[in-house]
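Participant: This is the structure, below, for whatever I ask next.
Where a number appears in this text, it was derived from the coordinates with a stated rule and is not lab data. From a predicted model like this one, the values you see are computed outputs, not experimental measurements. With ideal geometry, Cβ positions are generated from the backbone for all residues, glycine too; neighbour counts draw on all protein chains shown.
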Amino acid sequence: MTFDIPHMIATGVVVLAVLYAVDRSGVTHGVSRRRSALVKFGAIFVAIGILNLVWPYGATAGS
């Protein structure tokens, strides 16, 4: 099993950026904690899905 460190770093940056954007946009303002968590989960799921379509995991890992 190989570890793709640049992809892991990019994933972490994307997750943090999505959480920051969702918190700053006010999308979850005035909703329950459960609804807020579901919105954040959905946003992270879509963002990571797009990242993996553009840059598949293991594409830059050494063989």
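Participant: Which is surrounded by 11 or more Cβ atoms within 10 Å (Cβ to Cβ), touching a residue at least 24 places away in the same chain (Cβ under 8 Å) and in a helix (DSSP H, G or I), of Thr11, Thr60?
Facilitator: Answer to the check: Thr11.
Participant: Scanning for something in contact (Cβ under 8 Å) with a residue 40 or more places away in the chain and surrounded by 14 or more Cβ atoms within 10 Å (Cβ to Cβ), does region 41-54 turn up at least one residue?
Facilitator: Checked against the condition, which is being in contact (Cβ under 8 Å) with a residue 40 or more places away in the chain and surrounded by 14 or more Cβ atoms within 10 Å (Cβ to Cβ), region 41-54 yields at least one hit.
Participant: Also, quick follow-up: Lys40 passes all but one of (1) of a type in the set (Lys, Arg); (2) under 25 Å from Pro56 (Cα atoms); (3) out of contact with any Ser or Thr (no Cβ under 9 Å at 6 or more places or on another chain); which number fails?
Facilitator: Going through (1) of a type in the set (Lys, Arg); (2) under 25 Å from Pro56 (Cα atoms); (3) out of contact with any Ser or Thr (no Cβ under 9 Å at 6 or more places or on another chain) one by one, Lys40 breaks only (3).
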